[in-house]
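All of the numbers you see were taken from the coordinates with simple rules; none came from a lab. Predicted model only: the values in this text are computed from it and were never measured. Please note: Cβ atoms are built from the backbone with ideal geometry, for glycine as well, and neighbour counts cover all protein chains shown.
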Amino acid sequence: MKPYTKILSLLFILLANNIYLKAADTAPATITGIVTDKKDNSPIAGATISIPDLKTGTITDVNGKFSLTNISRGTYLIQVTCVGYAGITQRVDFGKSHILNFQLESSAIEAGEVVITGVSRATEIKRSPIPMAAMGKLAIDQHAAAGNVIDMIANVPGVSAVTTGPNVSKPFIHGLGYNRVITLMDGIRQEGQQWGDEHGIEVDQNSIDRVEIIKGPASLTYGSDAIGGVVNLISPPPVPEGTVAGSTMMSYGTNAGAINNSLRLQGNNNGLIWGTILSAKESKDYQNKHDGRVYGTNYKERDARLMVGLNKSWGYSYFNASLFDDQQAIPDGSRDSVSRRFTKQTTEAGGYQIVPNSELNAYKVPVLHQHVQLYRIYNNSNFILGNGANLLVNLGYQFSHRREFTHPEDADVAGLNLHLSTYTYDFKYNQTFGDGYDFTFGVNGQYQNNTIGDATDFPIPAYHQFDVGPFAVVKKSFGKLDISLGGRYDYRSFNGQAAYIDNLNNKYPQLYTAANPASANGVTQQFAALNKTFTGFSGSAGATYNFSPQFLLKANVSRGFRAPSIAELSANGPDPGSQIYHTGNANFKPEFSVQEDIGAFLTLPNVSASVELFNNNIQNYIYQQQVLNPDGSPAINPNYPQYTIFTYTQSKARISGGEFNLDIHPVSWLHFENNMALTYGKNLGNGGPVADSLKYLPFIPPLHTHSELRGAFAKGFGFVKNFYAFVGLDHYNAQDRFFSAYGTETYTAGYNLLSAGLGGDLVNSKGRKVLQVFIEGTNLADVNYQSNMSRLKYFDNQYTAPGVQRGIFNMGRNISFKVIVPFDFAHATPKAN
């Protein structure tokens, strides 16, 4: 019996034994109470009371009263929040307490942020030693100009995005991305060919109410590919008991005519939970002063989501199904050499013509485009077992279908056609022992099957992949000191299938499936059979010390593990979107990292500040390098003369930096927010000297500062409540520390971006919310700039005239308008403050 099989067997025996022995009286409790203003004891209407571990909550009525039914007996974190007040977070034993009254204090700082990602139970961020960040629904709504779900978080300090236009973004955390950052949807791994550059994260941004981010190795609880961090996208919580409610959302962006419409409807009847979200997005090509409209950046997206579940005294179980369907144009940056107007390919042999203005200004997706679909079914369950124990079960299935249509004379022939089926599983058993020791024993992983459909390009083989990783975590609070310690063992296996290509008997290369391919005329081997296994240990140890409610220190050391991706191991084919012929290396070792984090946090009535520093040393860091001929010229694949050949290599690397935050609140309604993020990435080589062109890592963001002056008026003016207005300035330093080898990256000039926005809630004479309005303007000065994190910076003709600024510039001025119309069929919304 293999070691990991023994560990799994022992773990499941332990789970079954504890489920049997610890099942206890779970008779439901009913919790009632009132929320008042600490200053004058007046009731607070519209305050939110939530219990994250049970996925339940409610809001106070016009008298500040609330009631929660079917609450599992046990000790849980309860959170009370309201706009304009400091939140309250405390642990409550619902077996003993049935009446809970809270007093909120007016404050410009909403303290006590609670997270569920990477922890056994809901935890305040300030008590977790792991560096984390969170973004709630209000902040998401106010980012009206965000083109996709990753753009919404790209300004969180320490987080950035590699983009290929306004609807294609991949998350980067502290300079690491792609297969080094895991994106979760409600705790379920997002799987859809993460190694690819040309498509974004397959999630409808309108279905996200909250985002939680782990900034650093999270292999302990999420396994391989979380060596850089985790982005957990969280869907809307259930509406209160007895409620059927929803909203319609409409938004419009002036730069590209971006239209985003969405319908949300949710219900809760005696613990039967249901909900649906339907969305439709489309956009024309975006524009800027330097390029005009950028051909190949328009898109059309359709999304649907359905959820049905139960929320009872024994816990909860939610079944979710969703569809993501995106048609995205493929930009290549080709232009007329004289006028510099964009051109489009019209013949297979390479014929081009200037794109007419009517096509640049149209919503229709062009012939050359990609079609990305993702079908997802998953279940989130939490079974309350009594005696401080519970079992979390997350099971999921995803089917990712990604096609790139790259033949201008054969619009229906896919250049790339990949089918990826993924089954994910995640079991966590939580138990409190002795004097407050919280233990988590878990196992998670996935099984993948990738197949190649009818296509003409074959960058990766068909393969099977299996992951399994048991882990254990213990947490303990010693008064002001919180300690967390855990370890994990990972096992990943690849089984790649051999494949042969027929280059003679068809108009385009095709997979050869007949017998004896090695002896067939014109048939060549594209992929050799691959059987690889990777194992590794990861872990984390950290502590938080709360010197006082106003000041705390955090420190954490974590070891990350990442097995190489299938593309890094066995790629052998062209990628039309990047114009690169990729080749893999089957001899790679897994990446291991050790990251040290330390942070200090200060929260005063009128000032909050924080400093977070990190240092990450990575062994066997994998990156691409160009293949050169003996004379130093770029090697070209003879079957694809327009593609340069890149392969992968490994070395040591170090990434270090920090985030700094200072918020000043001279009066309760005025905020002056400032933050700075700095990341350095260096290639340390393998013991010998490193060439200047190789000494920096790719896609490292430059120093970025953000300053924002914001006015927020919760009580508003007349029929306008929760009014806010802001003006912001983002400064990006020049990036002169870049991966310059093979022309991969070039110097990027610094720039400043001006933004502003305002919004609020419109209420009727009864105080009921009837409309929400959000307006946001970005790049208001209409600056011509190129981000070093934009792949479009390198899209242009192979040769340009001297003095011509190469590449495509980022979006110019854009003003976005978002309107949300809420509705409630069951009962009146509590009167606004």
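Candidates TYR508, PHE458, PHE94 compared by Cα position along the dipole of the chain: farthest toward the positive end lies PHE94, with charges placed on Cβ.
With a cut-off of 8 Å between alpha carbons and a minimum separation of six or more residues, what is the relative contact order of the chain in percent? Once normalised by length, the contact order is 11 percent.
For MET185, MET152, which order do you get if you count the other beta carbons within 10 Å of each Cβ and list the fewest first?
Listing MET185, MET152 from fewest to most nearby Cβ atoms yields MET152, MET185.
Ranked by the mean number of other Cβ atoms within 10 Å of their residues, highest first, the peptides 551-558, 74-81 fall in the order 74-81, 551-558. Among beta bridges from DSSP that stay inside the chain, the antiparallel ones total about 95%.
If a/c stays under 1.5 just call it rounded; otherwise compare a/b with b/c (prolate if a/b is bigger, oblate if not). Do that for segment 134-824, with a ≥ b ≥ c from the square roots of the Cα gyration tensor eigenvalues. Judged from the Cα gyration tensor, segment 134-824 comes out rounded (a/c under 1.5).
Where the only charges are on Cβ atoms (+1 Lys, Arg; -1 Asp, Glu), what is the dipole of the chain about its Cα centre, to the nearest 20 debye? Working shown, then result.
Numbers: 65 positive and 66 negative charges, 302 e Å.
Charge dipole, the chain, about its Cα centre: 1440 debye, nearest 20.
Taking the number of Cβ atoms within 10 Å of each Cβ as an exposure proxy, the fewest-first ranking of MET250, MET676, MET135 is MET250, MET676, MET135. Karplus-derived 3J(HN,Hα) values for segment 339-344, using 6.51 cos²θ - 1.76 cosθ + 1.60 with θ = phi - 60°, are 7, 6, 7, 5, 10, 10 Hz; glycine and proline are entered as x.
Loop-located chymotrypsin sites (Phe, Trp or Tyr not before Pro) in segment 450-481 (DSSP state other than H, G, I, E, B) with a sparse environment of at most 13 neighbouring Cβ atoms within 10 Å are absent. For GLN103, the amide hydrogen comes within under 5 Å of the amide hydrogens of THR36, counting only partners 5 or more places away or on other chains and with H modelled in the peptide plane.
Where a Cα-Cα gap under 29 Å defines reach, which lysines qualify for LYS39, not counting those fewer than 8 residues away within the same chain? Excluding near neighbours in sequence, the set is LYS65, LYS96, LYS126, LYS137, LYS480, LYS715, LYS721, LYS766, LYS769, LYS831. Neighbour counts of C-beta atoms inside 10 Å place ASP782, ASP303 in the sequence ASP782, ASP303, starting with the fewest. When +1 charges are put on Lys and Arg Cβ atoms and -1 charges on Asp and Glu Cβ atoms, the dipole computed for segment 439-517 relative to its Cα centre reaches about 540 debye.
Distant-in-sequence amide contacts of SER787, defined by a placed amide H-H separation under 5 Å and a gap of 5 or more residues or a different chain, comprise ASN810. Dipole of segment 556-700 computed with +1 at Lys/Arg Cβ and -1 at Asp/Glu Cβ about the Cα centre; of GLY584, VAL594, SER558, farthest Cα towards the positive end is GLY584.
When the chain is described by a simple charge dipole with +1 on each Lys and Arg Cβ and -1 on each Asp and Glu Cβ, the residue from GLN624, GLN786, SER128 located farthest towards its positive end is SER128. List the longest stretch of the chain that has no exposed loop site; here a site is one of the GluC sites (Glu not before Pro) assigned by DSSP to anything other than H, G, I, E or B, with at most 13 other Cβ within 10 Å. Longest gap between qualifying sites, sites excluded: 410-833.
Working ranking of peptides 378-386, 266-274 by packing, defined as the average number of other Cβ atoms within 10 Å per residue, highest first, is 378-386, 266-274. Residue by residue through segment 651-664, what is 3J(HN,Hα) from phi via Karplus (6.51 cos²θ - 1.76 cosθ + 1.60, θ = phi - 60°)? Round to whole Hz and write x for glycine and proline. Whole-Hz 3J(HN,Hα) from phi for segment 651-664: 7, 7, 8, 9, 10, 9, x, x, 10, 10, 9, 9, 10, 10. Across segment 316-331, rounded Karplus estimates of 3J(HN,Hα) from the backbone phi angles (6.51 cos²θ - 1.76 cosθ + 1.60, θ = phi - 60°) give 8, 8, 10, 9, 10, 9, 8, 10, 10, 9, 10, 10, 10, 5, 10, x Hz, Gly and Pro being marked x.
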